[in-house]
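Below you'll find the structure, written out as C-alpha cells, and then a few comments.
Coordinate-derived values only; no laboratory data. This structure is a prediction, so every number in the text was calculated from the model and none was measured. Note: ideal-geometry Cβ built from the backbone for every residue, glycine included; neighbour counts use all protein chains shown.
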Amino acid sequence: MINHKKPKWKKILLLGSGAIRIGQAGEFDYSGSQAIKALKEECIKTILINPNIATIQTSDYLADKVYFLPVNASFVEKVITKERPDGILLGFGGQTGLNVGLELAEKGVLKKYKVEVLGTPIQAIQDTEDRELFVKKIKEIGLKVPVSKAVKNVNDAVAFAEEIGYPVMCRIAYALGGLGSGVAHNRKQIVELTKKAFSYSNQILIEEYLGGWKELEYEVVRDQYDNCVVVCSMENVDPMGIHTGESIVTAPVQTLSASEAFKLRSISIRVIRHLGIVGECNIQFALDPQSEDYRVIEVNARLSRSSALASKATGYPLAFIAAKLSLGYSLTQVQNIITGETSACFEPALDYVVVKFPRWDLHKFKRVSVRLGSEMKSVGEVMAVGRSFEEALQKAIRMLDCGMNGLVCNSLEFSDLETELRKPTDKRIFAIVEALKKGYSIEDIAKFSKVTPWFLYKIRNIVEIETKMKRYTLAEVPHAFLKEAKQKGFSDHQIALLTKSSEPEVRKRRKKLKIIPSVKQIDTLAAEYPAQTNYLYMTYNGSTDDIDFKQKHQVVVLGGGAYRIGSSVEFDWCCVNSVTTLRKLKYQTIMINCNPETVSTDYDICDKLYFEELTFERVLDIYEKETPLGMIVSMGGQIPNNLALSLHEVGVPILGTSPQDIDIAEDRHKFSALLDTLGVDQPAWKELTSLETAEDFANKVGYPVLVRPSYVLSGAAMSIALSNMELREYLKKASEVSKKYPVVISKFITGAKEIEIDAVADHGKLYCYAISEHVENAGVHSGDATIVLPPQRTYIETMRRVKIIAKNVAASLKITGPFNIQFIAKDNEVKVIECNLRASRSFPFVSKVFKINFIDLATKIIMGKRVPPIDRSAFDLDYVGVKASQFSFMRLKGSDPILGVEMASTGEVACLGDDFNEAFLKSLLSIEFKLPKKTILLSTGPIESKTDFIKSTWILKTLGFTFYATKGTADFMVANGIPVEVLHWPLERKEPNTLTYIAKGKIDLVINIPKNIEKEELDNDYLIRRKAVDFNVPLITNLQLAKRFVESISQVTLSDLKIKSWDEYK
Amino acid sequence: MQEAKLILEDGSKFSGFSFGSHAPTTGEVVFNTGMVGYPESLTDPSYRGQILVLTYPLIGNYGVPGNEREDNLLKFFESEKIQVAGLIVTDYSHEYSHWNAKKSLSVWMQEQNIPGIYNVDTRELTKKLRKKGTMLGKIIHDDERISLRDPNKQNLVAEVSIQKPIVYKKGKLKVLLVDCGMKNSIIRAFLKRDFSVVRVPWDYDFTTEDVDGIVLSNGPGDPKKCNEIIEHVKTMLSKNIPILGICLGSQILALAAGANTYKLKYGHRSQNQPCMECGTNRCYITSQNHGYAVDADTLSQDWREWFTNGNDQTNEGIKHLSKPFFGAQFHPEASPGPDDTEFLFDLFTRAMK
C-alpha cells in the first residue's frame, strides 16, 4: 500500500543553471523555485548554488542557503565539503546542472561525501546524454531511432556520412540547445562542421537527416512505483530540421490522428520506464508526414524549456511534482493543486489551444546569419492561449513585441519568397502570409516550407479576413464579420488599419455591438470538475466569463513579456517581489504576463493570473472586467512603462509616479529641457532630419558621435561614428532619415566612466539609493558592462554629485516608486545620459547585495504605506558585489563578439567577495570564463590602448604567461622588452597564423582590443574574435576589463576564492 | 454559413453555425474532454442516442479516414457508422490535412445525415452539464418543431447490436463476444492475440456455447435494460468459463452478481481518467465513456472492487475472488485513448489458456 513515510533526507543541494543564455533561460528559475517550494513543504533544508542573482530562486525566503558561485564541479565540490548535504537534485538546473552532476558522480565526489542523487539515477542520465548509449537503450526495446553513428574524428564522420548518404545531421553529445549541431549536404560541409564540433566535444553523432518530418514533444512523468502520465503533447509548426527552441509550437498536438498521438504516448511511456527515470522527462519525436513511421530523437532527463512550456500550457505544475516524486512520493499522493480535488496522477485535458512563439533579437548583432536551423538562436518566447488557432497565433505574434500587429497588417517585404520559404529566417511566418497573398498555392508553400498544410490553411483564414476587411469602412463592417475577425485574433488596431479608422473607434463600435472577450480558466480538466483555479486567459470564442468580478482591493502588476536582450529575468524578479509585497499588504493581486519561462506566471504567486497580451487593448479589457484599484507599471520593464500614458488617458489609475511625469522622462526633448532647468549637464545632442544637418551637427560638437536611429523595422542599431565618412555610411545603411524618422545624434565622450543610480523615491523625496560603477568605460551598453557595487574607483565628489542630481530629478518629476539614472563621469564632471522612472535591470542586484529589497520598499511607497527610514549603515558594506554579463555569441553564428552601444548580452551573474578581485573572478568564472594557464594572444588595438596595456603585459609576464601577438602589437611589445611570438593576421593566409593557433587549442586567452580603422584590419580582428568564440577560447575585447582582469589574477588565485553563502556576507 | 441552435431541456439555447447535415435531431447531451480521436468516438456505439459535445475546441483538423477493411472490420472506425445523434464543437476546421484522410468531417457527417454545430462555447455548455447533470437537447436549424426524446427509454443496446452471430477466425482458442454495442477494437484486441472471436447479438443465449471465454462488450444506455443478457450471465457465473465485462459489460456483470448500478450525474467521457488498482500504488490513465456506474458497496462477499476512479472514487472495475470473472468500467482497448490497461486482455487471455 501507499507509503506515507516522510522523506529521509535532511539537507538537499540544488544546482541552478547560472546566467541566462540562448538555450538556457528563465525556465530554470521557474523549475528551481518550484523544487525549493516542494522541499520546503517537507521541512527539508535546501542549499542552492546559482550565480544568477536576478532569479526568484535565490531569494532569501526560498532556499535556506544561497551560494552565488559558479555552477561547476570544483565549486560545487567545495560547497558539498562545507555543507555536507545528504541529497542532490540535478534535474532543475538545465543542462548546466545535469552536466555538473554527472561530472561529480563520475569523479566519485558524490559517493565520497555520501550525497545521494534524488530522482532520476545517474545511469539514466548517462543513458540519455551519451548518444551511443541512448541509441542502444532505445533499440533494446525495439523502438526506432534515426540511423546514426557516434564518431570520434573527422575522417570517421565523413566515412559514415558517405555510407548513409547526404544530407546528414551532426549532433554533439552533452550539448544544450543543440549547440554545434548542423546539417551537412556534402563533404566540405561535414568537414567544416565536425572540425568545429570536436573542439567542444570528443564525441559527435552523424545521423540520417529527417528534415521535413513532423516534430513532436511529449512531457512524461514517472514515479518510483512505475506510474506514468503524459502531461502534454506538443506539435511544432516548423518541421524537423529547425530546433524546437526556434519553432512555433502548439499544444496539444493538432494534426495527428488518435492512433498516431497515442502511439507516441505509448512509446514515451515505454521509453521512460526502460530508462528508469523518476520525475520528469521530455521526449522528442519525428513523425513521417506520410505514414505512422516515427523516430525517437532524444530524451531530456530533466526539466527543460519544453517542460516549463508544458506546465504553463496545461496548468500541471511539472517541476513541483517532479521534485515530490524525487523524494519518493507516488503520483497518487500528490495533489492536483489546480482543482484542489483530484490527484496529480492524471493527464490534463485542454479546452483551448496554446501557441508558443520564439523571440529573436538577431538585428542586435553584426554579421550574424538570420537563417534558422538545428541550433537555437532565439532569446526568449511567449505563449498565447486561445480557443482557435488563429486567435492564439495572432496573440502570440503581438506578445513578441517586435512591432508586428499580428500575423497580418505588417509592412514587411521579401525579395525572394521561395528562398524565404525553403530556408527559413525569423520572419518565415510572414513570408508565408506574403506568399499566400501573391497567389502561391497551399501545396507549393507546404512543399517549400514543409509546414503541415493544416497550419497553412489556418494562416490563409487570417489572410482572407484581412482582404475582406479592407473592403469596408468601420461603420459598414457587418456585426457577424467583425465578431469573426475578433475570433480569429484580430486586434482593434489591426481592424482600424484595415478599415482606415482608429483603435478607439473600433473599440467603441465593437463594445456597442457587445463583442467583448470572455475570461476563461485553465483548469487542467476541461471543466469536467469544478476548479479553484485563478489561472485565466481571454478569448472571443466564448460566450460567458468563468469567473465573477466581485473582488475588492485588487491591484494589477504588468509583467515584462518575452525575455529579450535588455529585458529578462530581472524584471520578473521585480514583478514577483512587487506582487508578494502587495499580498502582504492584503491587496488582491492580478498579474498580467505572457512569458512561459517566468516565475511571475506561476499561479501561486498572485491571486489572479492573466496569461495575456501586454497590449493597450487587452490590458484595458482586463481593467474593464476587473475594475482594480489601479495598475503598477514600473516593475515589468519598458513594455508596461510604454503603456502608462495611454492607459492613464482612458482613465485607468496608474499607481506610483504619474504617467505625465513618466512621459517627461521618456521624451528626449522634455527631459532635456528639464535637465537644463535643473542645471544638470548632458552630452550635446540634437534630433536631425537630414544628412547635411546631421553632418553639420557632428562637426560642430566634434567626433566621435553616437547615432541613434528612430525605431523602424529595418532594425537598425545604435552606433558610434568617428568621421563624416562613417556617419554618412551609417545613415545610408540604417534607414531613411526624414521628418518622420529623425535620427538623434549626441556627442560621445571618450575615456569617461559610467555610473548608475538605482533608487526609490516617495512623492519626490529620495528614499533609498544604490550607486554602482562600470568597469568598462562609457561606450559599452550598461546591460553589457561589468558593474561594481559599492563603487571602488569612483571619486567621493562624483558620488555626491550623482546623488544630488538624483534627488533633484526625483523632486521635479515627483517620483513615487523605483527609478534609475545613468551618468557618465570624467574628472568629477557628471552628465546624465539616461533616466527611467521604473525599476531597472540592476534592481535585484543592488537589492541582494545590500540585502534591502528595493522593490518591496518601492511597492509599499507606491501603495502609500509608511516605510521606516533606512539606517545609513546598511549601505556600508564590508564586501563587494560584481555583476558580469553573459554573452551567447557562440550560438549566433557569424556574429561579431564585440561590445558596443547596443546591448548584446543575454544574461548576467553576480558574485560577492571580500574585495573586488575576489568577486570579479568569481563572476567571470560564473559566466564560464576559463582562466588562462600559459598562453595569451594579444592584439591590443590603437596605439593609446597598446601603451595603456603594456603595464598589464608586464604583470602577465611575471605571472609566467607566454605571448603570441599580431605584428603591430608584437613590435610594440618587443620595443618594450617583452618577448613574443608573432602570428600572422587571418587574411595574410600565412602560417603561423592566428586562426590556426586558436583552432589547434594553442591559445588559452585572446585579448583583442578592436580598432576602428581600415576595413581589412576590421575583418582581421573580427576573424580572430569569431574564431576564439567558435573554438570556445576565452576572449576579452575591452581594455578596462582586460586591465582589471590582469590585476585580479595577479592578486587572487583560485584557492583564494572563498566559499561563503549569501548570509555569511554581513 | 447556416445558423443552428442547440436547445436544452432546461430551455437554454446555444447558437452557432451548422456543419455536417442540416437535419434536426434530438438526444441526450453529453460531453467528452478527449483532445483527439473524433472518428473513433463518433462511431463508438456507446454514444448511441447522444448529442456529443467536444470540449477540445479545434475539431476536424485531420479529416476522416477511408472505409478500408481488415478482418472484416472497418479499419479506422469503431463500428459501421456514426453513432452519435449530433456533434457540438467550438471551432470546426473546414480544411483538413492528413495522409490517411479521405474526406472532411463535415462531408462524412452529411453522408450519414448527422448534424453538427460549431462556434458554440462548449466550455460554458460543459459547465452547465456538469452542474445540472446530463440533459436532453435538440439541434435545430430554422424553427423546426421536434420534441425531445430520451434515448435511455429506448432499448439502445438492441439498436446497436447485430442480428445474427458473426465469426472472426484466427487461432484455435475462441472468445464469445456479446455485442451490446461493441467497439471494433475489442475484436481487434483478441484477433491480435490469435483468438477467434464469435460475435453474438446482445440477447443471444450463449449459456450452452463451447467457448474459451466470454466478453461482455461496452454499449449505450442503462445496464438495467439488459435483462436477457443479465440472466444469461447469471447462469454463467455458476460455471468457470472466464468472463470479461467492459464498460456496460462490467455493469451487466455486477448486476448479474447481485450488485446495483446507478446513473452518474454527468458520466465519465474522456481519455484521461485515472484508475487506481485497489491495494496497490498503481494508477492507470484510461479512456472512458459511460453514464452509469456500479455501486461497489452492494458487491457480495465473493466480489472485490478492482479499480476505483482517482478523481471521484467511483467504481472502475470488479473481480471475483476465486473465479476468472473480471469487469472493467474503462476501455482497455483504448481507441481513442491511452493503452495503459491493454494488459487486461493479456490477463484475460491467460485465464483462458
Sparse-neighbour loop sites [trypsin sites (Lys or Arg not before Pro); the stretch A:899-966; at most 15 other C-beta within 10 Å; DSSP]: A:930, A:933, A:934
Loop-located trypsin sites (Lys or Arg not before Pro) in the stretch A:534-616, at most 13 other Cβ atoms within 10 Å (DSSP): A:550, A:552, A:586
Charge-dipole axis of the stretch A:641-725 as Lys and Arg at +1 and Asp and Glu at -1 on Cβ define it, positive-most pick from A:675, A:662, A:702: A:702
Gaussian network model of chain B, springs between alpha carbon atoms under 10 Å - residue of B:207, B:280, B:122 with greatest fluctuation: B:280
Per-pair calculated FRET efficiency, R0 = 35 Å: residue A:876 and residue A:971 via Cβ, rounded to 0.05: 0.10
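Count, for each residue of A:216-225, the Cβ atoms from other chains sitting within 10 Å of its Cβ, then give me the mean as a whole number.
1
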5 Å-binned pair-distance histogram of the stretch A:109-231 (Cα, whole percent): 2, 10, 16, 19, 18, 13, 10, 7, 4, 1, 0
Interatomic Cα distance distribution for the stretch A:535-665, bins of 10 angstrom, percent: 13, 47, 34, 5, 0
Highest average packing first - A:118-131, A:147-160, A:566-579, B:247-260, Cβ atoms within 10 Å: A:566-579, B:247-260, A:118-131, A:147-160
Inter-centroid distance (Cα atoms) of the stretch A:479-528 relative to the stretch A:346-385, Å: 25
Gyration tensor (alpha-carbon) shape descriptor, the stretch A:433-533, a/c threshold 1.5: oblate
Gyration tensor verdict on the stretch B:156-352 (Cα atoms; rounded if a/c is under 1.5, prolate if a/b is larger than b/c, oblate otherwise): rounded
Debye intensity ratio in log₁₀ form over the Cα atoms of the stretch B:112-216, taken at each q of 0.12 Å⁻¹: -0.65
log₁₀ of I(q)/I(0) at q = 0.19, 0.22, 0.27 Å⁻¹ - the stretch A:259-314, Debye sum with one point per alpha carbon: -0.74, -0.94, -1.17
Cα shape, chain A, gyration tensor, a/c 1.5 rule: rounded
Reciprocal of mean inverse Cα separation for the stretch A:460-616 (Kirkwood radius, Å): 17.5
Relative packing of peptides A:76-84, A:637-645 - highest average C-beta neighbours within 10 Å first: A:637-645, A:76-84
Under 21 Å from the Cα of residue A:144 - lysines, other chains or at least 8 residues apart: A:136, A:214, A:263
For A:169, B:236, order by how many other beta-carbon atoms lie within 10 Å, fewest first: B:236, A:169
For chain A, share of DSSP beta bridges that run antiparallel, in % to the nearest 5: 70
Values of log10 I(q)/I(0), in the order q = 0.08, 0.12 Å⁻¹, for chain B under a Debye, Cα-only, solvent-free model: -0.37, -0.83
Average other protein chain Cβ within 10 Å of Cβ, residues B:278-290: 4
Footprinting exposure proxy for A:854, A:949 (fewest neighbouring C-beta atoms within 10 Å first): A:949, A:854
The protein assembly as shown - charge dipole about Cα centre, Lys and Arg +1 at Cβ, Asp and Glu -1, debye rounded to 20: 1140
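Counting other beta carbons within 10 Å of each Cβ, put A:600, A:690 in order, fewest first. Mind dumping the intermediate values first?
Numbers: A:600 29, A:690 14.
Going from sparsest to densest Cβ surroundings: A:690, A:600.
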Loop sites in the stretch A:903-995: GluC sites (Glu not before Pro), DSSP, at most 14 other Cβ within 10 Å: none
Taking N as its residue count, the alpha carbon Rg of the stretch B:3-153 over 2.2 N^0.38 Å: 0.99
Mean residue ellipticity (222 nm) of chain A, computed from DSSP H runs ≥ 4 via -39,500 (n - 2.57), nearest 500: -11000 deg cm²/dmol
Calculated [θ] (222 nm, deg cm²/dmol) that DSSP helices of n ≥ 4 give over chain B, each run adding -39,500 (n - 2.57): -5000 deg cm²/dmol
Beta bridges per DSSP with both ends in the stretch B:3-153, % antiparallel, nearest 5: 65
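Relative contact order for chain A: what is it in percent, counting Cα pairs under 8 Å that are at least 6 residues apart?
Values: 2338 pairs, mean separation 106.1, N = 1066.
For chain A, the relative contact order is 10 percent.
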Cysteines without a disulfide-compatible neighbour (Cβ-Cβ under 4.7 Å), chain B: B:180, B:226, B:247, B:275, B:278
Relative contact order (%) - criterion: Cα under 8 Å, at least six apart; region: the stretch B:3-153: 38
Relative contact order [Cα under 8 Å, 6+ residues apart], the stretch A:856-935, whole percent: 30
Listed residue pairs exceeding 25 Å between alpha carbons, taken from A:511/A:814; A:152/A:893; A:851/A:883; B:153/B:174; B:75/B:164; A:803/A:848: A:511/A:814; B:153/B:174
Test item: A:247-258 mean partner chain Cβ contacts at 10 Å: 5
